[in-house]
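Novice: Before I ask anything, here is the structure I am working with.
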Amino acid sequence: MIEVTLLGTGSPIPDARRAGPSTLVRAGGQAFLIDCGRGVLQRTAAIGVGADQITALLLTHLHSDHITDLGDVLISRWVSNFAPDLPPLPIIGPPGTAEVVDHVLKALRLDIGYRMAHHADLTEPPQVEVEEVTAGVVWGRDEVRISVGPTNHRPVAPTIGFRIEHRGASVALAGDTVPCVGLDELAAGAGALVHTVVRPDLIHALPVQRIRDICGYHSSVEEAAQTATRAGVGILILTHYVPALQPGQEDEWRALAASKFDRQIELGDDLHRVEVHPGVCAKPTG
Ligand SMILES: [Zn+2]
Ligand SMILES: [Zn+2]
């Protein structure tokens, strides 16, 4: 079984109820953080997962809202671990990831120095192992396999999606993208597809062109649902709602997805959790 938890279902716009984009996928005793938006560690804390329990960080792209709390993840993992041999944090992302990680660590250089000067047992700065990829298999450990495929979020490029598989269960994570062949291939036959979505019908009513621009490089709810149908996935999990999903609007968003996808649809607030079982008989939880 693979467990998907929507840690942050928000967007770049600060929201009192929603953390920034981030999803936790747990499988085979491993915990993968996909993107690390605003407030991500507050959400992992809410489900009892500490920064030092994150097996690897997977980044779909380098838009600021998806990496806002990268520094927090790096520093918190480092200072909250008390085991003597914490392995470097694997960070898998598109080309450009190493530059971003390097600069974040540089920005935190003084802080890292203060802490090392103060704590004798912190003998080296936070260690990372960055892998930049656009396609292929990137992880194979203890029956968990992760593959990567290209998505289309231009002019943000390159961007990637992930597919995590464990003992016959599988989940694809699209990140931000318009419908594209790369995502179709990555998601083909997956138990679940986690997809970021926007509502052009609501966004186009806003009198601000910069907000309307958002529609040009994201999938609408209907487009995400069409992708899920083409790929033949069992469960469509919607997240990163733009504009923010308001209380009581769930059925409206669900109906839009249901107009193009006739299987299980999951959406909701931060910490919404979905179990993805092997085969098509995926079983939801609250
Ligand atoms: Zn983006
Ligand atoms: Zn985004």
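Novice: If you take the residues in the range 60-92 that are touching a Gly at 6+ places or on another chain (Cβ under 7 Å) and free of Cβ contacts under 8 Å to residues at least 60 places away in the same chain, which one is farthest from ligand 1 (Cβ to nearest atom)?
Specialist: Checking each candidate, the answer is Ser80.
Novice: Residues to consider are Val137, Val128, Val133; find the one that is hydrophobic (A, V, I, L, M, F, W, C) and either within 16 Å of ligand 1 (Cβ to nearest atom) or closer than 22 Å to Gly20 by Cβ (or both).
Specialist: Val128
Novice: Give the residue that is surrounded by the most Cβ atoms within 10 Å (Cβ to Cβ), with candidates limited to residues of the range 159-181 that are away from ligand 1 (no atom under 14 Å from the Cβ) and on the phi > 0 side of the Ramachandran plot.
Specialist: Arg167
Novice: Could you tell me which of the residues Leu271, Leu206, Leu256 is among the aliphatic types (A, V, I, L, M), surrounded by fewer than 14 Cβ atoms within 10 Å (Cβ to Cβ) and away from ligand 2 (no atom under 16 Å from the Cβ)?
Specialist: Unique residue meeting the criteria: Leu206.
Novice: Could you check, for the range 20-31, whether at least one of its residues is in a loop (DSSP other than H, G, I, E, B), at positive phi, touching a residue at least 12 places away in the same chain (Cβ under 8 Å) and not aromatic (Phe, Trp, Tyr)?
Specialist: Among the residues of the range 20-31, at least one is in a loop (DSSP other than H, G, I, E, B), at positive phi, touching a residue at least 12 places away in the same chain (Cβ under 8 Å) and not aromatic (Phe, Trp, Tyr), which makes the answer yes.
Novice: I'd like the full set of residues that are within 20 Å of Val25 (Cα to Cα) and outside any strand (DSSP E or B), limited to the range 135-183.
Specialist: Ala135, Asp142, Glu143, Arg167, Gly168, Ala174, Gly175, Asp176, Thr177, Leu183 - these are the residues of the range 135-183 that are within 20 Å of Val25 (Cα to Cα) and outside any strand (DSSP E or B).
Novice: Same structure, new question: Do any helices (runs of 4 or more DSSP H) entirely within the range 64-133 hold 1 or more residues that are modelled with pLDDT of 95 or more and closer than 25 Å to Asn152 by Cα, and if so, which?
Specialist: The helices (runs of 4 or more DSSP H) meeting that bar are 64-67, 70-80, 97-107.
The values are calculated or read from the model by the stated rules, or taken from the named source; none is laboratory data. A quick note: this is a predicted structure, and the numbers were derived from the prediction, not measured. When we count neighbours, we look across all protein chains shown, and the Cβ atoms used for this are built from the backbone with ideal geometry, even at glycine.
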